[in-house]
1. Can you tell me how many residues in the stretch 37-57 are over 18 Å from residue 218 (Cβ atoms), at pLDDT 95 or above and either aliphatic (A, V, I, L, M) or assigned to a helix (DSSP H, G or I) (or both)?
2. Working only within the stretch 104-131, note down all residues that are farther than 14 Å from residue 168 by Cβ and aromatic (Phe, Trp, Tyr).
3. May I ask you to verify whether residue 23 is loosely packed, with under 10 Cβ neighbours inside 10 Å and either modelled with pLDDT of 95 or more or touching a Ser or Thr at 6+ places or on another chain (Cβ under 9 Å) (or both)?
4. Return the total of residues in the stretch 195-230 being open to solvent by 80 Å² or more (accessible area, probe 1.4 Å) and touching a Lys or Arg at 6+ places or on another chain (Cβ under 6 Å).
5. Does residue 105 satisfy the condition of being assigned to a helix (DSSP H, G or I), open to solvent by 30 Å² or more (accessible area, probe 1.4 Å), of a type in the set (Ser, Thr, Tyr) and more than 24 Å from residue 245 (Cβ to Cβ)?
6. Any idea which of 73, 79 is in contact with a Lys or Arg (Cβ under 8 Å, 6 or more places away or on another chain) and either of a type in the set (Gly, Ala, Ser) or closer than 24 Å to residue 51 by Cβ (or both)?
7. Can you tell me which residue within the stretch 68-96, out of those that are at pLDDT 95 or above and acidic (Asp, Glu), is surrounded by the most Cβ atoms within 10 Å (Cβ to Cβ)?
8. Might you check whether a residue that is farther than 19 Å from residue 250 by Cβ, among the polar types (S, T, N, Q), in a loop (DSSP other than H, G, I, E, B) and in contact (Cβ under 8 Å) with a residue 60 or more places away in the chain occurs anywhere in the stretch 167-175?
Amino acid sequence: MKLKAIFVVLAGMFATSALAVEAAKDTYPRTAIVPAHGVWGDEAFSNTIQYWGSEEALSQNAALQNDPDKVWKLNHKHKDGDRIDIHPGHIGVDEGREMVDSWSSKKPEFLKCLSEGKGSLDGLAANYPKYDEKLERIMTVEARIEHCSQTHLPKKIKQGSPANTTIALYVKSLSAGKPIQVDLSSAPVEQAYQRGEKLFYKRIGQLNFACASCHTPGGVMGHKLRGEVPTTPFGDVAHYPTYRTPVGELEPLHLRFKRCHKQMRAQPLPPGDPAYTDLEVFFSVLSNDYPISVPSLR
């Protein structure tokens, strides 16, 4: 082989290698996830679900609550449901009910819109996020509230606002105990899941972190980071919106994403941004078949 040809081949090899290194910098190493397995995909992911996947498992592993090095394995599920008698999340449910009842008495179309024409909100949240064919976009519970207020009320109740979060808390409380069932057979939802998964593994910000940096085995998951110990992403969205004790307020999922991005030294996005909606679809699919636990405390 001529010397010039050798140089061309070597240059190509180095260029390919450089691209691979650059790609590795942009993406956190992937851990295989089978979306069709829903929350039980965690068995092959972190297998902490063996400690929290059912009431029986939680009962059998209750002693982990008292072990600061192992309590993270419960995925905070010991804080859900009737295990806590009363907390500000319960008050938020009452406030959300009052808001919905008040607006609906003045504008019946608001409740009709919220309930997708059914007139009842019972069990509705278990199927969100979902694709709305009329609006031609993925809708979360919070997005539905914003849309219905904008079209039927004298004011727009924006996603991320205290009013939107309080109403979402009430709506989701009416599905408490029902398993999450996000429809992956819907092509737009499946595409949103794929985009969300890419975002989950994408490194961003000054710290070059990805969501996966904290929430996959072999990373920070299970280890203390700034006073918190990240857990598996499986089953996580079941308790949102939640009352966050560190900040003393109700927090919807998109504000949690925003807070994480700030901690990653990345540019946060506004609640309702399509990227956050895709992430919500991804996290929700990883909670499929796990019961909604709202109101909750974290």
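1. Matching residues across the stretch 37-57 total 9.
2. Residues satisfying the conditions are 110, 131.
3. Details: loosely packed, with under 10 Cβ neighbours inside 10 Å: yes; either modelled with pLDDT of 95 or more or touching a Ser or Thr at 6+ places or on another chain (Cβ under 9 Å) (or both): no.
In short, no.
4. Matching residues across the stretch 195-230 total 2.
5. Yes; evaluated as a whole, the condition is true for this residue.
6. Numbers: 73 fails: in contact with a Lys or Arg (Cβ under 8 Å, 6 or more places away or on another chain).
The conditions single out 79.
7. 95
8. Here is the first cut: in the stretch 167-175, the residues farther than 19 Å from residue 250 by Cβ are none.
The answer is no, given that none of the residues of the stretch 167-175 is farther than 19 Å from residue 250 by Cβ, among the polar types (S, T, N, Q), in a loop (DSSP other than H, G, I, E, B) and in contact (Cβ under 8 Å) with a residue 60 or more places away in the chain.
The values are calculated or read from the model by the stated rules, or taken from the named source; none is laboratory data. No experiment lies behind these values; they were computed from the predicted model shown. Every residue, glycine as well, gets a Cβ built from its backbone with ideal geometry; the counts of neighbours run over all protein chains shown. Surface areas here come from the heavy atoms of the whole protein model, side chains and all, with no ligands, DNA or RNA. Shrake-Rupley method; radii C 1.70, N 1.55, O 1.52, S 1.80 Å.
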